[in-house]
Every structure is written in structure tokens, then in C-alpha cells.
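Peer 1: Quick one: this structure, given as C-alpha cells, is what I'll be asking you about.
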Amino acid sequence: MKILLLFLFIHLPLFASSIKLTHEEKLFISKHPVLRIQNERNWAPIDFRENAQAKGYAVDYITLLATKAGFKVKFYPGRSWATYLQMLDEKKLDIISSMKITPQRENYAIFSKKPSLELFHAILQRNNANILSMNDLKGKRVAILKDHYQERILTLNFPDITLVYAKDKIEAMQMVVNKEVDATIGYYSIFQHSIQKHSFVGLHAFALKGDSYFQSTKQYVAIREDWPLLKSILDKVQNSLHEKEIHLLRMRWLGELQDKYSQLTQKESSYLKKKKTYVFALTLIGYP
């Protein structure tokens, strides 16, 4: 993370656009110089803990926003998701770096104007399974994390699915391997990353394309509801970001995984196989 942020700030003149803060916003920063932020145990490559360091796309993204605004950050690792939500509600956290907006969460949090990330859902299953839709999960056992919004969707809309609770995504995946459950539902890029990193054998993730219940999810920065000035500051920093800065973050954490999700149609694949020569025009703005 430090290397990436160092690169970004070395090239700040190339990426910079003015961030005009009001007197009240500047005073807020001086009064609250350190932002308290959650750090997940196992939500790689988005937000996780490794070698006693906070890592992942959301970690780098919120650190970039905070640093550009003039804040320092302090990460609070190792709690459950339910505990983090409670901490934000009780003002023991200032920010949750990546979260979906729901009506319930809007009771105790305000959200950044722009999303920080878009994620795609998938059903993780054993290779010998043939689960191709949510309807195929009826009558089956599905591992889920308590208080994650996927739990609410399943509870309200799929009463024929038996929910089995796991402490985190890795345990949910292990339950699928051990045949304790038939599947688990989560984000495609996280499943792919975890399969590779933890050497899970015999699993594959089926992307839920066009599903009405589990559509692609936009993640936002969640801010304690009594700090609208912090939201205003972070919104301004988001607006100031250059597309190359976001590109660097995506390539570091999500580039290959996103490519695997975006599959070509049969017609597109056939065209590329027949074509012998490719001509590209590249505009490298902001690179040394």
C-alpha cells in the first residue's frame, strides 16, 4: 500500500485537481486529525488483514481519500461485521470503507456521493454441482454471514433455502468443500481470489448475471451520521480523483479478477480467433 500511495503522490501534479475546502471543513480536519476505520479479517482482495497490516482495494482507496484531505487513519481489525456496524452506530468508528447502502443502515450512517467499487455476485459450489440459478438452490443448504445483506435477501425471498451461518467467507467456503452445505453466495472477485490464495480444490464460482435479487452491487464509503462535514470533505476528494489513480488501484487488486468476470460472447471470441493483426492507439496520460 505504501509503495502505491508513494507512486501516486510523487505524480500528484499529474493527477491533481483543486480541492477547495471551506473554513468549517478545515477546522473539522484540525479537530479530528485521525479517522477510525474498520479492517476486515477475510474479505480479500477488498479488505483484509495480512502480516499485521491492513490491505486491499478498500483500504488503499480510503487511505488515499483520507491522505489527500489531510487526515491520518487508524484501522480497527479483527471484529465481526455485526460488531463493526454497531461500532459505527455507537460512534466508536468514524468510517466503514466499503458498504452497500440499505434503508436500515441509513438510520446510523451517511454515504459518499460516489461509489468506490462495483461488485458482482456469484454462487460458489463444488465442481460436480450444477447450480446455475437461485431457483436451483431451493431445498439446499447455503452458508451465509450473519448481518450481511445477502442474509436478508435470502430470508425474505427464498424460504425453501436453509441458511447455515459461518463466521467469515473463508469458513463458508470450507463448509462447501466439506459438504456441510451445498453452496455459499458472495462476490465473484472475492471467491476467485480466495480459491487461488487458499488453494481451495474442487470449487468454482458461477456468476449471477441478470439475477433480479442479486444484481451487481455498488459499494460506498459509510460515515457516522453525525459528521456531515466529513462526508462533504470526502465527496470533494472523490471528485478530485483522476481516473488513472482509480485505474492503478483496480489493477493492483482487481484487474485480473474483473477480466475473468467479463467474458466475451461466442461471436466476439470467433472474431478474435480469425483476426491476425491488431492495431491499438494508446494515450498514456499521467504516466512517467
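Peer 1: May I ask for the net charge around Thr184, where only other residues with Cβ less than 12 Å from the Cβ of Thr184 are counted and Lys, Arg are +1 while Asp, Glu are -1?
Peer 2: Neighbour charge sum, excluding Thr184 itself: -1.
Peer 1: Step through the residues of segment 237-252 one at a time and calculate ³J(HN,Hα) from phi using the Karplus curve (6.51 cos²θ - 1.76 cosθ + 1.60, θ = phi - 60°), rounding each to whole Hz and writing x for Gly and Pro.
Peer 2: In residue order, the calculated couplings are 5, 4, 5, 7, 5, 8, 4, 5, 5, 5, 4, 4, 5, 5, 5, 5 Hz.
Peer 1: Could you check the simple spin-label distance between Tyr213 and Lys113, using points 7 Å along Cα→Cβ, in nm with one decimal?
Peer 2: Calculated label separation equals 3.6 nm.
Peer 1: Let me ask something else about it. Determine the distance separating the Cα centre of segment 213-230 from the Cα centre of segment 67-96; give it in Å without decimals.
Peer 2: After rounding, the separation between the Cα centres reads 13 Å.
Peer 1: Enumerate the amide H contacts of Leu203 below 5 Å, restricted to partners 5 or more residues apart or on another chain; note that Pro and chain-start residues carry no placed amide H.
Peer 2: Here the answer is Asn127, since their amide H atoms fall under 5 Å of that of Leu203.
Peer 1: To continue, here is another question. Charges on Cβ only, +1 for Lys and Arg, -1 for Asp and Glu, centred on the Cα centroid of segment 37-117; of Gln53, Met99, Leu65, which one is farthest towards the dipole's positive end?
Peer 2: About the Cα centre, the residue reaching furthest to the positive side is Leu65.
Peer 1: Under 5 Å between amide hydrogens, which residues at least 5 positions from Leu208 or on another chain qualify, with H placed 1.01 Å from N in the peptide plane?
Peer 2: His121, Ala122, Ile123
Peer 1: Sticking with this structure for a sec: Grab the Cα-Cα distance for Lys26 and His204, subtract it from 0.36 nm times how many residues apart they are, and report the gain in nm with one decimal.
Peer 2: Extending this stretch completely gives an extra 59.2 nm.
Peer 1: ³J(HN,Hα) across segment 176-185 via Karplus (A = 6.51, B = -1.76, C = 1.60, θ = phi - 60°), whole Hz, x for Gly/Pro?
Peer 2: Ordered by residue, 3J(HN,Hα) equals 5, 4, 7, 6, 6, 9, 8, 6, 9, 10 Hz.
Peer 1: Non-local amide H neighbours of Tyr165 (under 5 Å, H modeled in plane, Pro and chain starts lacking H): which ones?
Peer 2: Amide H neighbours of Tyr165: Ile144.
Peer 1: Quick one: how many lysine pairs in segment 121-207 have C-alpha atoms under 18 angstrom apart, if they're 8 or more apart or on different chains?
Peer 2: Lysine pairs meeting the criterion: 7.
Peer 1: Same structure again: Applying the Karplus parametrisation 6.51 cos²θ - 1.76 cosθ + 1.60 with θ = phi - 60° to the phi angles of segment 191-204, what ³J(HN,Hα) value in whole Hz is obtained for each residue in order, glycine and proline being reported as x?
Peer 2: Along segment 191-204, the couplings run 4, 4, 4, 5, 4, 6, 5, 9, 6, 5, 10, x, 10, 8 Hz.
Peer 1: If you take the square roots of the eigenvalues of the alpha-carbon gyration tensor of segment 87-149 and sort them as a ≥ b ≥ c, do you get rounded (a/c under 1.5), prolate (a/b over b/c) or oblate?
Peer 2: Cα axes put segment 87-149 in the prolate bin.
Peer 1: Let me make sure I get this right: for segment 50-137, a, b and c are the square roots of the gyration tensor eigenvalues over alpha carbons, sorted descending. Under 1.5 in a/c it's rounded, otherwise prolate if a/b > b/c, else oblate. Which is it?
Peer 2: Prolate.
Peer 1: Rounding to the nearest 20 debye, state how big the charge dipole of segment 121-207 is about its Cα centre with +1 on each Lys and Arg Cβ and -1 on each Asp and Glu Cβ.
Peer 2: 100 debye
Peer 1: While we're looking at this one, here's another question. For segment 121-207, just list the percent of Cα-Cα distances falling in each 5 Å bin from zero outward, please.
Peer 2: Here the calculated profile for segment 121-207 is 3, 16, 30, 29, 17, 5, 1.
Laboratory data are not the source of any read-out in this text; all were calculated from the coordinates shown. Everything quoted here is computed from the prediction, not taken from an experiment. Reconstructed Cβ throughout: ideal geometry from the backbone, glycine too, with neighbour counts over all protein chains shown.
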